[in-house]
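Quick notes on the structure that follows.
Derivation of every value follows stated rules applied to the coordinates shown; laboratory data play no part. Only a predicted model underlies this, so the values are computations on that prediction, with no experimental measurement involved. Using ideal geometry, Cβ is built from the backbone for each residue, glycine included, and neighbour counts are taken over all protein chains shown.
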Amino acid sequence: MENRYIDYTGEAMITVPKRKLYTDSEGFPNENAFRDFAEHLTAEYYLACISVDVTRSNEKKGYGFGSRVLRKAFLQLRDNFYIFRISGNKFNLFVTENEFSKLKNMLESGNEDFFTVYYGIVEDTYVTKENYTKLCERGKEMMYHYKAEKIGKAYTDARDDVIVGNKGNTPADLQETDTCKYRETMWYATVHLEETEPAARTVTAYVFPTEYKESLASLNMVVVVDDFVKTRIYSGTSVSFGFDGMKFMISSRFDNEGHMNVSCFGERENKGQCDITIDVHEGNCIPASFGKRVKRGVSLFPVKPNTRGTYEYALWNDNEKTAEYQESGLIAIDGADYEVHADKVAINLVRQ
C-alpha cells in the first residue's frame with residue numbers, strides 16, 4: 001500500500017501524468033486518489049474524516065498564513081497516515097485499528113490559537129471497495145456532531161456541506177453543497193483563438209451556459225474573453241467580441257442527443273487569420289445550478305488562478321441578468337468571506 005500511495009504523485013503516464021489526475025492544484029492527493037486507494041486496499045484500514053479550521057490564522061495573520069498552517073497540518077499527518085484532500089479544508093485518512101489513539105492525540109493536540117481539527121473516526125467497520133462511500137457519509141456525520149459539540153451549536157448549524165440542489169439525475173455523491181460543486185456535473189467550453197495574421201497572439205474565451213433548454217434552443221451564456229492583457233466579460237444567447245480588427249460570435253445549444261454544441265465563427269470581413277479550436281466539457285447530469293450556487297439566482301464560474309492562490313471567477317446574477325468579473329478570488333456570502341478554489345475535481349469555497 002505504501003508504494004501505491006506514493007505513486008499517486010508520480011509522473012508515470014496513463015493518459016495524463018498521474019500527478020494531474022490524482023493531485024489537486026496545491027499538490028495534495030485528491031478525491032480521485034482516495035477512491036482508487038479505497039478500491040485497492042489489501043489490508044484492514046479504517047476511515048477518519050477531518051476538517052481543519054484555520055479561521056483564526058486567516059483573521060490574525062492573513063489568508064497566506066492560513067494556507068501555510070493548513071499545509072503544515074497536512075504534512076504532519078501525511079508522515080503518519082494515508083491522507084487525501086476531499087475538498088477545501090476537508091480530508092479523509094486511512095488508519096489501522098491500533099492507530100486510533102495515536103491519530104486522536106495528534107488531532108487534539110493542535111494549537112487552537114491558529115487552527116482546530118474536527119474529526120469523525122468510523123471504528124467499527126474497516127474499509128472495503130464496496131462500503132467506502134457509505135463510510136464516508138458516516139464519518140462526515142460523526143465529524144459534524146463532534147464539531148457541533150465543540151462549538152456549542154446545533155448539528156445542522158455546524159454543517160457547512162448542506163445540499164443546495166437535487167435536480168435531474170445528479171448522482172447522490174456528486175450533489176452540490178454550500179461549499180462544493182463537482183466538475184463532473186458542470187457544462188462549459190474553452191475556445192482557443194490562435195491569431196497568425198496580422199500579429200501572432202493567443203486569445204481564450206471561456207464559455208459557461210447558465211441554463212438548460214430544449215434541443216437546438218440557444219442557451220444563455222456567460223463568456224469571459226482573455227487576451228492575457230485584459231479580461232472582458234459578456235452574457236447573452238449570442239456573444240460577439242473582437243480584437244485586432246477581427247470580430248467573432250459564440251453561441252451554444254444542446255443537440256437532439258443531449259450533447260452541448262458550442263460554435264465560434266469569425267465574420268467574413270475579417271482581414272486577419274485565426275485558427276479556432278473548441279474544447280467542450282459535458283456534465284453527467286442536468287444540475288440545479290450550472291455554476292457554483294452562491295445564493296438564490298446567483299452563481300459563480302471559476303476561470304483561472306490568480307497570484308493569490310485563489311481563482312478569478314465570473315459571477316452571474318440570473319435575477320438581474322447581469323455578469324461581472326472578479327479577480328480577487330474572494331466572495332462574501334451572508335456576511336462571511338470565502339476564498340474560491342478550483343481544480344480538476346471540484347470548485348470549493350473556503351471560509352476565512
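For LYS134 and HIS192 in the same chain, what is the full-extension length gain: residue separation times 0.36 nm, less their Cα-Cα distance, in nm? Don't jump to the answer; show the numbers that get you there.
Numbers: separation 58, 0.36 × 58 = 20.88 nm, distance 4.13 nm.
Extra length from LYS134 to HIS192 when fully extended: 16.7 nm.
Given the pairs LYS147/LYS181; LYS72/LYS230; LYS102/LYS150; LYS60/LYS102; LYS213/LYS304, which span a C-alpha to C-alpha distance of over 25 angstrom in this model?
Beyond 25 Å between Cα atoms: LYS72/LYS230; LYS60/LYS102; LYS213/LYS304.
Counting Lys and Arg as +1 and Asp and Glu as -1, what is the net charge of the other residues whose Cβ lies under 14 Å from the Cβ of HIS341?
Working: positive: ARG71, ARG85, LYS90, LYS181, ARG183, LYS292, LYS304, ARG308, LYS344, ARG351; negative: ASP24, GLU26, GLU31, GLU312, ASP337, GLU339, ASP343.
Summing Lys/Arg as +1 and Asp/Glu as -1 gives +3.
Once you've got the GNM for the chain with C-alpha springs shorter than 10 Å, pick whichever of THR210, THR23, THR196 has the biggest mean-square fluctuation.
Comparing THR210, THR23, THR196 in the GNM, the peak value goes to THR196.
Would you kindly derive the ³J(HN,Hα) couplings of the stretch 309-317 from the backbone phi angles with the Karplus curve 6.51 cos²θ - 1.76 cosθ + 1.60 (θ = phi - 60°), listing them in order in whole Hz, with x for Gly and Pro?
Once rounded to whole Hz, the list reads x, 9, 10, 5, 8, 9, 10, 10, 9.
In nm, to one decimal, how far is the SER328 label point from the ILE276 one, both placed 7 Å along Cα→Cβ?
Between SER328 and ILE276, the label points sit 3.6 nm apart.
Skipping prolines and chain starts, which residues have an amide H placed within reach, meaning under 5 Å, of the one on GLU176, given they are 5 or more residues away or on another chain?
Hits under the 5 Å cutoff: VAL164, GLY165.
How many angstrom separate the Cα center of the stretch 203-252 from the Cα center of the stretch 267-286?
Spelled out, the Cα-based centre of one part sits 9 Å from the other.
Could you give me D for the chain, from Stokes-Einstein at 10 °C and 1.306 mPa s, where the hydrodynamic radius is the Kirkwood radius over C-alpha pairs? Units µm² s⁻¹, please. Working shown, then result.
On the way: Rh = 22.0 Å.
So the translational diffusion coefficient is about 72 µm²/s.
Once amide H atoms are placed 1.01 Å from N in the peptide plane, what residues at a sequence separation of 5 or more from TYR82, or on another chain, have their amide H within under 5 Å of its amide H?
Residues meeting the criterion, in which the H sits 1.01 Å from N, are PHE94.
Would you mind getting me the FRET efficiency between LYS102 and ALA217? Use the beta-carbon distance for r and R0 = 56 Å, nearest 0.05.
Approximately 0.45, to the nearest 0.05.
What does the charge count near THR190 come to, summing +1 for each Lys or Arg and -1 for each Asp or Glu among other residues with Cβ under 15 Å from its Cβ? List each step's numbers first, then the result.
Details: positive: ARG183, LYS304, LYS344; negative: GLU194, ASP226, ASP227, ASP275, ASP279, GLU282, GLU312.
Combined, the nearby Lys, Arg, Asp and Glu give -4.
What translational D, rounded to a whole number of µm²/s, comes out for the stretch 187-281 from Stokes-Einstein when the hydrodynamic radius is the Kirkwood one over Cα pairs, at 37 °C and 0.692 mPa s?
Numbers: Rh = 13.6 Å.
Roughly 241 µm²/s, to the nearest whole number.
Would you mind giving the average projected area, over all directions, of the Cα convex hull of the stretch 1-127 in nm² with one decimal?
Working: hull surface 31.1 nm².
Average of the hull's projected areas for the stretch 1-127 equals 7.8 nm².
What number comes out for the charge environment of LYS247, summing +1 per Lys or Arg and -1 per Asp or Glu over other residues with Cβ under 9 Å away?
-2
Between GLU44 and GLU257, take the C-beta separation as r, use R0 = 41 Å, and let me know the FRET efficiency to the nearest 0.05. Present the calculation step by step, with values, prior to reporting the outcome.
Values: r = 46 Å, r/R0 = 1.12.
The formula returns an efficiency of 0.35 here.
Determine the dipole magnitude for the stretch 187-281: charges of +1 sit on the beta-carbon of Lys and Arg, -1 on that of Asp and Glu, nothing else is charged, the reference point is the Cα centre, and the result goes in debye to the nearest 20.
My answer is approximately 280 debye.
Which FRET efficiency value, to the nearest 0.05, is calculated for ARG4 and LYS344 with the Förster distance at 22 angstrom and r the Cβ-Cβ distance? Walk me through the numbers on the way to the answer.
On the way: r = 20 Å, r/R0 = 0.92.
About 0.65, to the nearest 0.05.
Under the rule of at least 5 residues apart or a separate chain, name every residue whose amide H is placed under 5 Å from the amide H of THR23.
Correct list: ASN30.
Could you tell me the ratio Rg/Rh of the stretch 228-321? Both radii from Cα atoms, Rh via Kirkwood. Mind dumping the intermediate values first?
Values: Rg = 15.8 Å, Rh = 16.0 Å.
My calculation of the ratio gives 0.99.
Considering only DSSP beta bridges where both residues belong to the stretch 2-158, give the percentage that are antiparallel (nearest 5).
On the way: 20 of 20 bridges.
Given both bridge residues lie in the stretch 2-158, the antiparallel proportion sits at roughly 100 percent.
Give a residue-ordered list of calculated ³J(HN,Hα) values for the stretch 174-181 (Karplus: 6.51 cos²θ - 1.76 cosθ + 1.60, θ = phi - 60°; whole Hz; x for Gly, Pro).
10, 5, 6, 10, 4, 10, 9, 9
Enumerate the calculated ³J(HN,Hα) couplings along the stretch 291-298 in order (Karplus 6.51 cos²θ - 1.76 cosθ + 1.60, θ = phi - 60°), each rounded to whole Hz, writing x wherever the residue is Gly or Pro.
x, 6, 5, 9, 7, 4, x, 10
Which trypsin sites (Lys or Arg not before Pro) does the stretch 267-296 hold that lie in a coil by DSSP with at most 15 other beta carbons within 10 Å? Provide the component values of the computation, followed by the final result.
Working: sites: ARG268, LYS271, LYS292, ARG293, LYS295, ARG296; in loops: ARG268, LYS271, ARG296.
Here the trypsin sites (Lys or Arg not before Pro) that fit, given the DSSP loop and packing criteria, are ARG268, LYS271, ARG296.
With +1 on the Cβ of every Lys and Arg and -1 on the Cβ of every Asp and Glu, and nothing else charged, how large is the dipole of the chain about its Cα centre, in debye rounded to the nearest 20? All intermediate terms of the calculation are to be shown ahead of the outcome.
Values: 44 positive and 54 negative charges, 123 e Å.
Once rounded to the nearest 20, the dipole reads 580 debye.
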